[in-house]
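Have a look at the structure below before the remarks.
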Amino acid sequence: MLKFILRRILIMIPQLFLLSVLIFLLAKAMPGDALTGQLAANPKMDPQTLEEMREKLGLNDPVHIQYIRWVKNMLQGDLGLSYTHQQPVTDLLAGRVGNTVLLSAAILVLTYLIAIPLGVVSGRWTNTWADKLIVGYSYIGYATPLFIFALIMLFVFGFHLGWFPTGGSVDIQVEEGTLAYYLSKLNHLMLPALSGALINTVVTIQYLRSEIIDTKVKDFVKTARAKGVPERQIYWRHILRNSFLPIAAFLGYEITGLIGGSVFLESIYSYPGLGQLFLQSIMQRDYSVVTALVMISGVATLVGTLLSDIILSAVDPRIRIE
Amino acid sequence: MLLDVRHLKVHYPVRGGFFRRVVDYVKAVDDVSFSLNQGETYGLVGESGCGKTTTGRTIIGLIRATAGEVLFEGTDLTKLSRRQFHPYRKDIQMIFQDPYSSLNPRKRVLDIIAEPLRNFEKLSPHEERKKVQSMLERVGLSADSIYKYPHEFSGGQRQRIGIARALMLNPKLIIADEPVSALDVSVQAQVLNFMKDIQQDYGLTYLFISHDLGIIRHMCDRIGIMYRGRLVEEGTSEDIFANPQHIYTKRLLSAIPNADPRERGKQTALRREVEQEYAQAYSRYFDETGRAYPLKPISPTHSVAIP
Amino acid sequence: MKIEVNRPAPVDIASEKSPSALSIMWRELVRDRLALVSLIILSVILLIVYGASIFLDQEEIVKVDFLAIHSPPSAEHWLGTDYGGRDVFGQLIIGARNSFTIGLAITLITGAIGLVVGLVAGYFGGWIDNVIMRIIDFILVLPFLMLVIVFVAIVPKYNVATFILIMSAFLWTGKARLIRAKTLAERELDYVSASKTLGTPDWKIILFQILPNLSSIIIVNLTLNLAGNIGIESGLTYLGFGLPESTPSLGTLVSYATNPDVLQNKWWVWLPASLLILVMMLCINFIGQALKRAADARQRLG
Ligand SMILES: Nc1ncnc2c1ncn2[C@@H]1O[C@H](COP(=O)(O)OP(=O)(O)OP(=O)(O)O)[C@@H](O)[C@H]1O
Ligand SMILES: [Mg+2]
């Protein structure tokens with residue numbers, strides 16, 4: 001087991017390296033560099049000083065030296081300067097990351113809150129009308145693109161019915177730290193989180209359903225039933241416990257989807273998180289922010305996959321034999 | 001001599017440890033030598049996993065030999081490149097164990113049987129179909145089966161299709177890897193006798209692989225007994241069945257079920273005796289590593305692995 | 001070919017020929033009522049879209065008319081007009097055509113790449129397989145959406161072809177992995193060994209022996225991917241990083257909804273396109289699911 005984990009981490013190192021090289025090259029290919037930010041703040045700089053500053057910042061060094069410096073800075077938490085916001089990228093991200101994490105966590109919680117009861121009902125009472133309804137929902141949810149669904153949710157519940165706010169993460173009037181503040185945050189969170197979760201949940205529902213159907217006919221369940229163990233207990237003790245671990249393990253794989261989802265959701269609900277920042281920055285050509293965000297989501301995806309692989313291998317030893 | 005296998009070795013690396021280095025080898029075939037004369041049937045027998053299939057597949061070039069030579073009419077096949085091997089494919093063919101997976105389910109019988117023709121001969125579709133049809137009739141299937149698919153046939157019929165395909169190029173040597181072990185007992189004899197018939201007609205040489213000594217006795221002129229990748233005894237059918245020398249051969253023979261119920265009691269006693277002898281004499285027949293000794297001739301036709 | 005003439009009784013041959021994988025899947029598809037309805041709806045939509053787009057004058061549609069800005073549906077403009085007074089219905093037709101065509105193009109390109117790479121990696125194995133799998137593993141852990149957006153933003157001379165290329169560069173991996181796994185399993189079967197001993201060259205074994213056995217899986221996968229690709233394309237276009245403005249897509253119409261006023265009050269601009277995307281994706285998915293069930297059932301029967 002330990003060997004597997006170590007080997008799995010070893011595989012991640014070249015991936016991390018390749019990722020950083022790819023992003024570094026992309027950053028080089030983007031118009032503008034670290035100086036563009038300075039220039040925006042101080043447009044009257046003459047070419048002489050500009051060239052001196054380029055030299056000082058090392059922008060004239062060979063590419064590999066620049067790459068090494070870039071990685072070093074990144075490891076020390078220095079992600080450069082955002083020229084539209086005129087502040088260090090790290091600070092900029094710190095102000096936004098909370099919202100995205102909150103949204104993602106809310107989506108995950110809601111996803112499982114919806115998926116587990118629906119999956120269980122559907123897997124336990126197969127071919128009832130409830131099951132058919134759930135299966136129908138899961139098919140439709142599987143086919144529906146998130147951005148369309150989110151727009152329709154916003155249209156219906158935000159604008160038409162007016163049940164939820166249509167943008168932002170919190171009311172500006174409320175004072176930070178008060179109960180009203182947290183309630184307002186929750187209120188703003190509900191619609192985007194629900195939109196994400198209702199689409200995100202269908203994969204888990206389908207998985208849970210087929211898993212339960214498969215385990216239902218396994219020998220150990222039959223034995224338990226023959227011994228007179230009540231049906232409820234069979235489901236809790238034997239079937240669900242077997243199905244939950246893999247689902248928990250899929251958490252890491254979800255990260256990719258959550259990152260993509262947050263870009264859409266934050267843009268549709270004007271929710272001030274990293275996804276919205278990403279789109280804004282790329283439109284304003286604020287490329288130091290873009291680079292930092294891509295790097296962060298790349299690392300998050302890598303680490304998520306790593307965690308899921310490890311948990312899954314603990315649950316199911318067959319996976320370890322590569 | 002048609003085929004001469006000399007010191008054939010096939011070793012599979014076993015990887016382990018943190019860096020997946022090669023830590024050991026599975027010696028699937030470990031220094032095996034035997035030869036086949038034109039027109040005879042040579043039987044390769046042994047328990048499951050002793051390396052019979054590996055030997056057969058290495059001879060026909062499906063598996064690379066680690067060391068040793070496979071001389072076919074004097075040419076060492078193991079040294080040939082793919083291109084150089086090509087002309088020999090005509091001469092050496094194989095009948096596979098599983099009549100289900102050895103026929104492509106998506107191909108019509110015509111395409112299956114004509115496949116070797118298309119690789120070696122330029123025939124018009126009409127000539128090709130004629131040839132396939134006459135071969136089908138030869139193996140006992142109706143000529144209008146050519147447009148059917150494999151799933152429309154029984155196991156025995158499928159095996160006949162496989163045989164027809166192998167015969168298409170008039171091979172000299174056929175390697176039959178457990179050709180009937182996947183078939184019902186009732187069909188086995190049919191297919192075996194049919195194989196004997198075509199051996200006569202086409203002047204075939206068989207390398208016949210099986211774990212069933214009864215079938216081997218029925219089919220083979222000479223027999224090699226294999227154990228853990230090595231030959232432990234080799235001789236004519238007579239030598240092996242009437243005068244087994246190696247302890248492992250004796251044990252194999254004693255395990256043949258006896259059809260006559262009155263003999264069963266006697267056989268059980270015999271089997272127990274052989275088991276006892278096997279346990280006692282083990283060290284005399286195998287070296288410290290459990291490896292069999294090289295073969296030593298004890299008569300012009302009969303060799304045994306003894307120190 | 002001339003010799004084909006003396007084939008005896010071709011009618012007999014046809015009747016003896018057992019149905020191919022495709023025709024079996026077709027039969028299963030038609031038997032599935034939901035899939036059949038989906039197929040009909042999709043066909044009708046595509047017929048209308050491609051038929052009408054021949055007659056529609058694209059110049060006419062994209063012409064700005066400031067006298068008819070945001071006018072609601074009427075006899076003249078069936079689905080009203082957008083902020084430039086352009087006919088929404090016409091844009092819907094053109095957009096649907098573009099979205100579907102480009103989704104299909106991406107599907108076919110990634111399918112071709114995935115097929116070649118997967119077959120080669122699975123059949124030959126060894127270091128080729130190792131290298132290919134490492135590359136695929138790497139691409140699969142990249143933050144796809146963000147990278148596509150970055151590429152779209154920085155590529156010089158951005159057009160439809162570059163968009164298709166960028167998307168394809170990421171999306172071939174899943175297919176390659178699937179095909180590889182199936183090829184790997186298929187390669188172990190004796191019919192492949194038999195072909196080798198019969199002197200059939202590798203490329204022929206791959207193309208004519210193994211590939212036909214993967215056809216049902218490929219069809220299912222391509223169908224489901226087609227739906228996915230249309231979704232991704234329109235989503236990216238919605239964000240402003242999909243098709244360039246010269247090639248309107250369904251996502252373009254939906255993207256007008258980023259203006260809250262349009263979203264709230266001018267439903268005719270964005271809702272029809274959203275619903276059309278939804279309907280198309282549902283139909284393709286239902287067809288794909290039915291094909292999948294048919295393929296699975298075939299596999300069970302052997
Ligand atoms: N590709 C491989 N890699 C590693 N070991 C292998 C491989 N192929 C075969 N072996 C090993 O080589 C040995 C011989 O296998 P082989 O298939 O030749 O046996 P066999 O005598 O044909 O057995 P059976 O009667 O079951 O068919 C077995 O121990 C097997 O585990
Ligand atoms: Mg074998």
Qualifying residues in segment C:159-168 (those that are among the aliphatic types (A, V, I, L, M) and out of contact with any helix residue (DSSP H, G or I) (no Cβ under 8 Å at 6 or more places or on another chain)) - the one modelled with the highest pLDDT: C:Leu165
Here is a check on your reading of the model: is B:Ser35 out of contact with any Ser or Thr (no Cβ under 6 Å at 6 or more places or on another chain), among the small types (Gly, Ala, Ser) and either part of a helix (DSSP H, G or I) or surrounded by 17 or more Cβ atoms within 10 Å (Cβ to Cβ) (or both)? no
Starting from segment B:44-67, keep only residues that are under 18 Å from B:His7 (Cβ atoms), then list their pairs with residues that are within 11 Å of ligand 2 (Cβ to nearest atom) and of a type in the set (Val, Ile, Thr) whose Cβ atoms are within a distance under 7 Å, requiring at least 6 positions of separation or different chains. B:Leu44/B:Thr55; B:Leu44/B:Ile209; B:Lys52/B:Ile209; B:Gly56/B:Ile209; B:Ile63/B:Thr54
Report, by residue number, each residue of segment A:217-239 that is surrounded by 14 or more Cβ atoms within 10 Å (Cβ to Cβ) and touching a helix residue (DSSP H, G or I) at 6+ places or on another chain (Cβ under 7 Å). A:Val221, A:Ala224, A:Arg225, A:Ile234, A:Tyr235, A:His238, A:Ile239
For segment B:116-146, which residues satisfy the criterion of being facing chain C (nearest Cβ under 7 Å), open to solvent by 20 Å² or more (accessible area, probe 1.4 Å) and in a helix (DSSP H, G or I)? B:Asn119, B:Phe120, B:Pro125, B:His126
Would you point out the residue of segment B:202-225, among those that are more than 15 Å from ligand 2 (Cβ to nearest atom) and either open to solvent by 20 Å² or more (accessible area, probe 1.4 Å) or of a type in the set (Phe, Trp, Tyr) (or both), that is farthest from the other protein chains (Cβ to nearest Cβ)? B:Arg217
Given the conditions (1) open to solvent by 10 Å² or more (accessible area, probe 1.4 Å); (2) touching a residue at least 12 places away in the same chain (Cβ under 8 Å); (3) away from ligand 2 (no atom under 16 Å from the Cβ), and given that B:Val26 satisfies all but one, which numbered condition is not satisfied? (3)
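Please verify whether segment A:237-244 includes one or more residues that are of a type in the set (Val, Ile, Thr) and modelled with pLDDT of 80 or more.
No, there is no match, as no residue in segment A:237-244 is of a type in the set (Val, Ile, Thr) and modelled with pLDDT of 80 or more.
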Answer yes or no: is there a residue in segment B:69-79 that is within 16 Å of ligand 1 (Cβ to nearest atom) and crowded, with 17+ Cβ neighbours inside 10 Å. yes
Can you give me the number of residues within segment B:246-272 that are in a helix (DSSP H, G or I) and at pLDDT 75 or above? 16
Selection count, segment A:246-280, where residues are farther than 18 Å from A:Val109 by Cβ and open to solvent by 40 Å² or more (accessible area, probe 1.4 Å): 3
I'd like to check something: does segment C:146-167 contain any residue that is open to solvent by 10 Å² or more (accessible area, probe 1.4 Å), within 21 Å of the chain's Cα centre (by Cα), under 19 Å from A:Leu25 (Cα atoms) and away from chain A (no Cβ under 13 Å)? yes
Filter segment C:248-282 down to the residues that are modelled with pLDDT of 90 or more, open to solvent by less than 10 Å² (accessible area, probe 1.4 Å) and more than 8 Å from chain A (Cβ to nearest Cβ) and list them by number. C:Met280
Looking for whichever is surrounded by fewer than 20 Cβ atoms within 10 Å (Cβ to Cβ) and farther than 19 Å from A:Ser262 by Cβ here; the options are C:Glu233, C:Glu245. Which one fits? C:Glu245
Do the conditions hold for B:Arg83, that is, is it under 19 Å from C:Ser195 (Cβ atoms), in a helix (DSSP H, G or I), more than 8 Å from chain C (Cβ to nearest Cβ) and open to solvent by 40 Å² or more (accessible area, probe 1.4 Å)? yes
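How many residues does segment A:122-137 hold that are in a helix (DSSP H, G or I) and either farther than 20 Å from C:Leu282 by Cβ or more than 11 Å from chain C (Cβ to nearest Cβ) (or both)?
Qualifying residue count, segment A:122-137: 10.
The values are calculated or read from the model by the stated rules, or taken from the named source; none is laboratory data. What you are looking at is a predicted structure, and each value in this text was computed from that prediction instead of being measured. So basically every Cβ, Gly included, is an ideal-geometry build from the backbone, and we count neighbours across all protein chains shown. Each accessible area value is taken on the protein alone, full model and side chains, heavy atoms only, with ligands, DNA and RNA left out. Shrake-Rupley method; radii C 1.70, N 1.55, O 1.52, S 1.80 Å.
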